[in-house]
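A.B. asks: Following this message is one structure expressed as structure tokens.
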Amino acid sequence: MKFVHTSDWQIGRTFGFVNDETQGALQAQRVEVVRRIGHLARQQGAKHVLVAGDIYEHETPTERTLHQPMERMREFADVHWHLIPGNHDANTPEGVWARLVREGGVPANVHLHCQPAPVQIDEAENVWLLPAVLQRRHVLADLTAYMDTAPTPPGAVRIGLAHGSVVSFGNGEEAQHNPLAIDRAQKAGLSYLGLGDWHGFCQINERTCYSGTPEIDNFDIGRGGGGETLVVDIQGATAPLLIERHKTGHYMWQKLGDVTLTSAEDIYALDARVRGIAPDNAGAVLVWLTVSGMLGVEDMALYESLITRRLRAAVACLRLSGTPQLNAGLDDLDCFGPAGAVRRAAETLLAQAQNGGAEGAVATEALQRLFLFWNESKGQAA
């Protein structure tokens, strides 16, 4: 039997560092990836898609957000979608699951598993799903513990589905919430344990995997995982598994730290490096740059033109931390002419900048703006 394992769709997620246009595009892809998962299931001959929680970002989504993933899954009537609550969309009395049922928004091919008990999902192959169900955002008990003694017929393929943090896996306070035993698959006789909560792919052991989010949603995941969906092939209750990772994400996120710029060559190299992430589809790239260095007047103008304007327009998002500093001297002031108000202002700013300190930093930035404005005005006049 083949099935698809996915999690952490987080429909309705917002991104505070992007403009409105990019915000809408990112949110749209979090919905459209559901369709890509459906096509993947069909292509692989998988009749079942198991979604290990966090279908929604919030417990109180808007009407449109509430129904969008359901309508995408409705399009694949030949595929059975099995959903469990996660910590973002826990099964609370007035939460998303209660709303969907009350409004009749659940398609016939979508199955909400809100009770911790074995459910037969494939009679022909004797496959049973054992869901762990979060009733609130955080719990201290291991909700998979019941699986150890949950009864299923002899020879059944037992598949666990849970959302949380494997014990001794993860970092910080979040790892203490919703704990999951690292050896649950073995203790409960599971053929497979599909997990959600970790946004990058991670295989805990031969029968336990985090699928990761199918559409990357932060720079800390990036090349380390995310943007994937798993296809799992089980040929028997105790048979070895075949787990395949399939790319389903549209956007590519990369964080490039410690970019030091000291020359025009550095600037051109940075532009080529970012465009090289997806040479044929720069519009699908989000990149976060941490920039430092010292640039002369002409190179600073090149940086403003090539990186902060043209490259920013080419990619989906260019997030900049830091900036190169202006390295200017008296000779550079000749562009303002031998005299005049602008020349005198530039001389004053240069003197203040060379004195350093907080006032010097402000003066350096002001002088940089003055040079750039002057170059722009000359370009417009030409």
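A.B. asks: Mind listing just one residue for me: the one in region 107-154 that is polar (S, T, N, Q) and under 19 Å from HIS48 (Cβ atoms) and, of those, most open to solvent (accessible area, probe 1.4 Å)?
C.D. replies: Let us first name the residues in region 107-154 that are polar (S, T, N, Q), namely 109, 115, 120, 126, 135, 144, 149, 152.
Now narrow it down to the ones that are under 19 Å from HIS48 (Cβ atoms): 109, 115, 120, 126, 152.
Numbers: ASN109: 13, GLN115: 128, GLN120: 77, ASN126: 37, THR152: 36 Å².
Ranking the candidates gives GLN115 first.
A.B. asks: Could you list, in sequence order, the residues of region 215-267 that are part of a strand (DSSP E or B), touching an Asp or Glu at 6+ places or on another chain (Cβ under 9 Å) and either more than 22 Å from LEU195 (Cα to Cα) or of a type in the set (Val, Ile, Thr) (or both)? Lay out the reasoning, then the answer.
C.D. replies: Quick first cut of region 215-267, residues part of a strand (DSSP E or B) only: 228-233, 242-247, 252-261.
Narrowing the set further to residues that are touching an Asp or Glu at 6+ places or on another chain (Cβ under 9 Å) leaves 230-233, 242-247, 253, 255, 259-261.
If the condition is that a residue be part of a strand (DSSP E or B), touching an Asp or Glu at 6+ places or on another chain (Cβ under 9 Å) and either more than 22 Å from LEU195 (Cα to Cα) or of a type in the set (Val, Ile, Thr) (or both), then VAL231, VAL232, ILE243, TRP253, LYS255, VAL259, THR260, LEU261 are the ones that fit.
A.B. asks: For region 45-58, state whether one or more residues are of a type in the set (Asp, Glu), buried (at least 16 other Cβ atoms within 10 Å of the Cβ) and in contact with a Lys or Arg (Cβ under 8 Å, 6 or more places away or on another chain). It would help to see each step written out before you state the result.
C.D. replies: Restricting attention to region 45-58, the residues satisfying the condition of being of a type in the set (Asp, Glu) are 54, 57.
Among the residues that remain, those that are also buried (at least 16 other Cβ atoms within 10 Å of the Cβ) are: 54, 57.
Remaining after also requiring in contact with a Lys or Arg (Cβ under 8 Å, 6 or more places away or on another chain): 57.
Yes.
A.B. asks: Restricting the search to region 1-23, which residues are assigned to a helix (DSSP H, G or I) and touching a strand residue (DSSP E or B) at 6+ places or on another chain (Cβ under 8 Å)? Break it down into steps so the answer makes sense when it comes.
C.D. replies: So the first thing to find is which residues in region 1-23 are assigned to a helix (DSSP H, G or I), and the list is 20-23.
The one that is assigned to a helix (DSSP H, G or I) and touching a strand residue (DSSP E or B) at 6+ places or on another chain (Cβ under 8 Å): THR22.
A.B. asks: Ok, one more. Only one of (1) touching a Gly at 6+ places or on another chain (Cβ under 8 Å); (2) at pLDDT 75 or above fails for LEU320. Which number is that?
C.D. replies: All conditions pass for LEU320, except number (1).
A.B. asks: Considering only residues that are of a type in the set (Val, Ile, Thr) and under 27 Å from the mean Cα position of the chain (by Cα), look in region 88-106 and name the one that is least open to solvent (accessible area, probe 1.4 Å). Before you say what the answer is, go through the steps one by one.
C.D. replies: The initial filter retains those residues of region 88-106 that are of a type in the set (Val, Ile, Thr), namely 92, 96, 101, 106.
Checking which are under 27 Å from the mean Cα position of the chain (by Cα) leaves us with 92, 96, 106.
Values: THR92: 31, VAL96: 1, VAL106: 44 Å².
So, considering only residues that are of a type in the set (Val, Ile, Thr) and under 27 Å from the mean Cα position of the chain (by Cα), the one least open to solvent (accessible area, probe 1.4 Å) is VAL96.
A.B. asks: Just to be sure I understand the filter: pairs with C-beta atoms under 7 Å, separated by 6 or more residues or on different chains, first member in region 31-44 and within 10 Å of THR6 (Cβ to Cβ) and open to solvent by less than 40 Å² (accessible area, probe 1.4 Å), second member in a helix (DSSP H, G or I) and among the aliphatic types (A, V, I, L, M). Which pairs pass?
C.D. replies: VAL34/MET73
A.B. asks: Looking for something modelled with pLDDT of 95 or more and β-branched (Val, Ile, Thr) - is there at least one such residue anywhere in region 86-95?
C.D. replies: no
A.B. asks: Tell me, please, whether a residue that is within 18 Å of LEU241 (Cβ to Cβ) and either in contact with a helix residue (DSSP H, G or I) (Cβ under 9 Å, 6 or more places away or on another chain) or not aromatic (Phe, Trp, Tyr) (or both) can be found in region 110-120. Walk me through it before giving the result.
C.D. replies: The initial filter retains those residues of region 110-120 that are within 18 Å of LEU241 (Cβ to Cβ), namely none.
There is no residue in region 110-120 that is within 18 Å of LEU241 (Cβ to Cβ) and either in contact with a helix residue (DSSP H, G or I) (Cβ under 9 Å, 6 or more places away or on another chain) or not aromatic (Phe, Trp, Tyr) (or both).
A.B. asks: Still on this structure, I have one more. Filter region 254-267 down to residues that are of a type outside the set (Val, Ile, Thr) and in contact with a helix residue (DSSP H, G or I) (Cβ under 9 Å, 6 or more places away or on another chain) and give me whichever is most open to solvent (accessible area, probe 1.4 Å).
C.D. replies: Initially, region 254-267 is screened for residues of a type outside the set (Val, Ile, Thr), giving 254-258, 261, 263-266.
With the extra rule that they be in contact with a helix residue (DSSP H, G or I) (Cβ under 9 Å, 6 or more places away or on another chain), the set shrinks to 254-256, 261, 263-264, 266.
On the way: GLN254: 35, LYS255: 100, LEU256: 13, LEU261: 2, SER263: 27, ALA264: 22, ASP266: 49 Å².
Ranking the candidates gives LYS255 first.
A.B. asks: Restricting to region 292-307, what's the tally of residues that are surrounded by fewer than 19 Cβ atoms within 10 Å (Cβ to Cβ) and at pLDDT 95 or above?
C.D. replies: Residues meeting the conditions: 1.
A.B. asks: Hey, another quick one. Sort through HIS177, HIS199, HIS163 and tell me the only one that's modelled with pLDDT of 95 or more and within 30 Å of GLU63 (Cβ to Cβ). Walk me through how you get there before you give the answer.
C.D. replies: On the way: HIS177 fails: modelled with pLDDT of 95 or more; HIS199 fails: modelled with pLDDT of 95 or more.
On inspection, the qualifying residue turns out to be HIS163.
A.B. asks: It is to be established whether one or more residues within region 222-230 are in contact (Cβ under 8 Å) with a residue 60 or more places away in the chain and open to solvent by 10 Å² or more (accessible area, probe 1.4 Å).
C.D. replies: Initially, region 222-230 is screened for residues in contact (Cβ under 8 Å) with a residue 60 or more places away in the chain, giving 229-230.
Subsequent filtering for residues that are open to solvent by 10 Å² or more (accessible area, probe 1.4 Å) retains none.
No - not one qualifying residue is present in region 222-230.
A.B. asks: In region 275-291, which residues are open to solvent by less than 20 Å² (accessible area, probe 1.4 Å) and assigned to a loop (DSSP other than H, G, I, E, B)? Show your work before the answer.
C.D. replies: Taking region 275-291 first, the residues open to solvent by less than 20 Å² (accessible area, probe 1.4 Å) are 278, 284-287, 289, 291.
Selection gives ALA278 alone.
A.B. asks: What do you reckon, is GLU215 out of contact with any Pro (no Cβ under 7 Å at 6 or more places or on another chain) and buried (at least 23 other Cβ atoms within 10 Å of the Cβ)?
C.D. replies: yes
Yes/no per residue for (1) within 26 Å of HIS246 (Cα to Cα); (2) free of Cβ contacts under 8 Å to residues at least 60 places away in the same chain; (3) part of a loop (DSSP other than H, G, I, E, B):
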| residue | (1), (2), (3) |
| --- | --- |
| ALA46 | yes, no, yes |
| HIS58 | no, yes, yes |
| ARG64 | no, yes, no |
| MET70 | yes, yes, no |
| PHE76 | yes, yes, yes |
| HIS82 | yes, no, no |
| HIS88 | yes, no, yes |
| PRO93 | no, yes, yes |
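A.B. asks: Separate question: Within region 186-214, can you find the residues that are aliphatic (A, V, I, L, M) and either farther than 18 Å from ILE159 by Cβ or in a loop (DSSP other than H, G, I, E, B) (or both)?
C.D. replies: Residues of region 186-214 aliphatic (A, V, I, L, M): 188, 190, 193, 195, 204.
Across region 186-214, the qualifying residues are ALA188, LEU190.
A.B. asks: Among LEU100, LEU26, LEU50, which is the only one that is part of a helix (DSSP H, G or I) and touching a residue at least 60 places away in the same chain (Cβ under 8 Å)? Please lay out each step first, then the result.
C.D. replies: Details: LEU100 fails: touching a residue at least 60 places away in the same chain (Cβ under 8 Å); LEU50 fails: part of a helix (DSSP H, G or I).
On inspection, the qualifying residue turns out to be LEU26.
A.B. asks: Given the criteria of a type in the set (S, T, N, Q) and in contact with a strand residue (DSSP E or B) (Cβ under 8 Å, 6 or more places away or on another chain), does THR229 qualify? Let's see the steps before the verdict.
C.D. replies: Values: of a type in the set (S, T, N, Q): yes; in contact with a strand residue (DSSP E or B) (Cβ under 8 Å, 6 or more places away or on another chain): yes.
The answer is yes for THR229.
A.B. asks: Further question on the same structure: Could you identify the single residue in LEU326, LEU270 that is at pLDDT below 95, over 21 Å from VAL33 (Cα atoms) and buried (at least 18 other Cβ atoms within 10 Å of the Cβ)? Break it down stepwise before answering.
C.D. replies: On the way: LEU270 fails: at pLDDT below 95.
The conditions single out LEU326.
A.B. asks: Within region 193-206, take every residue that is surrounded by fewer than 24 Cβ atoms within 10 Å (Cβ to Cβ) and over 13 Å from the mean Cα position of the chain (by Cα) and give me the one that is nearest to ASP54 (Cα to Cα).
C.D. replies: CYS202
The values are calculated or read from the model by the stated rules, or taken from the named source; none is laboratory data. Here the structure is a predicted model, which means the values were calculated and not measured. Glycine also receives a Cβ, built like all others from the backbone with ideal geometry; neighbour counts cover every protein chain displayed. These area figures cover heavy atoms from the full protein model, side chains too; ligands, DNA and RNA do not enter into them. Shrake-Rupley method; radii C 1.70, N 1.55, O 1.52, S 1.80 Å.
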